[in-house]
Amino acid sequence: YRKAFLVSNALFSGGLGNQMFQYAFSLTLKKYNSKVYQTGLIRDHNGFELNKVFNLSILLRINYMIRFIRKIFIFKNKGFIIMGIILNGLSKIGIKTIKEKKSFRFNEIYCKKYKGIAIACGYWQPERYFEDIVNEVRNCLNL
C-alpha cells in the first residue's frame, strides 16, 4: 500500500500532489499528537519534492520498521492472508494500523490523539482533514 502514515512518523510517497496532502494531514496529526516525524521511501515520480518546491526543511527519516510495515500492506492488498495475521500481531504489541476506506471520504476518527504508534494508510485528500489549519498549510505550501 503506497500511502502510509505513522503517527510518530509520517510516510510520504507518490508525486508532489499526494505529498502535499500527506504533509497537510501530518500537520493535522501534530495538533493531537506531540510528535509527528516525517519519513520517506519515495521512488515515485520525481522523488521527495516538498523541500525543493516549497523551500521546506523536512528531514526524512528512514527506518527498517517502516519498510517492513509498507511491505506488509503491499502483500496484504495482493490477498496474502498471512499479512492480516501479522498486522493483528502488531496491534498486540502496541502498533495500531488504520486504513482509510476506499471511498476516500473524510472520517474524523483519524484526527485524534494516538497512544503508541499508529499507522494510518490513505491518501488524506478531503480538505476537511486540514480545514482547521488551512492558514498553516497555506503558509507552508506557498510558492
Q. When residues of segment 78-99 are filtered for being closer than 22 Å to Lys35 by Cα and either in contact (Cβ under 8 Å) with a residue 60 or more places away in the chain or of a type in the set (Gly, Ala, Ser) (or both), how many remain?
A. 3
Q: Can you confirm whether segment 2-23 contains a residue that is modelled with pLDDT under 75, charged (D, E, K, R) and either under 24 Å from Asn142 (Cα atoms) or open to solvent by less than 40 Å² (accessible area, probe 1.4 Å) (or both)?
A: yes
Q: Could you figure out which of (1) at pLDDT 75 or above; (2) part of a loop (DSSP other than H, G, I, E, B); (3) surrounded by fewer than 16 Cβ atoms within 10 Å (Cβ to Cβ); (4) not β-branched (Val, Ile, Thr) isn't true of Phe48?
A: (3)
Q. If you check every pair at least six apart or on different chains, which have Cβ atoms under 7 Å apart with a residue in segment 113-130 that is over 18 Å from Asn33 (Cβ atoms) and free of Cβ contacts under 8 Å to residues at least 24 places away in the same chain first and a residue that is of a type outside the set (Asp, Glu) and open to solvent by 70 Å² or more (accessible area, probe 1.4 Å) second?
A. Pro126/Arg105
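The values are calculated or read from the model by the stated rules, or taken from the named source; none is laboratory data. Quick caveat: nothing in here was measured; it's all calculated off a predicted structure. Glycine gets a Cβ as well: all are built from the backbone with ideal geometry, and neighbour counts include every protein chain shown. Ligands, DNA and RNA are stripped out before the accessible areas are found, and what is left, the full protein with its side chains, is counted by its heavy atoms. Shrake-Rupley method; radii C 1.70, N 1.55, O 1.52, S 1.80 Å.
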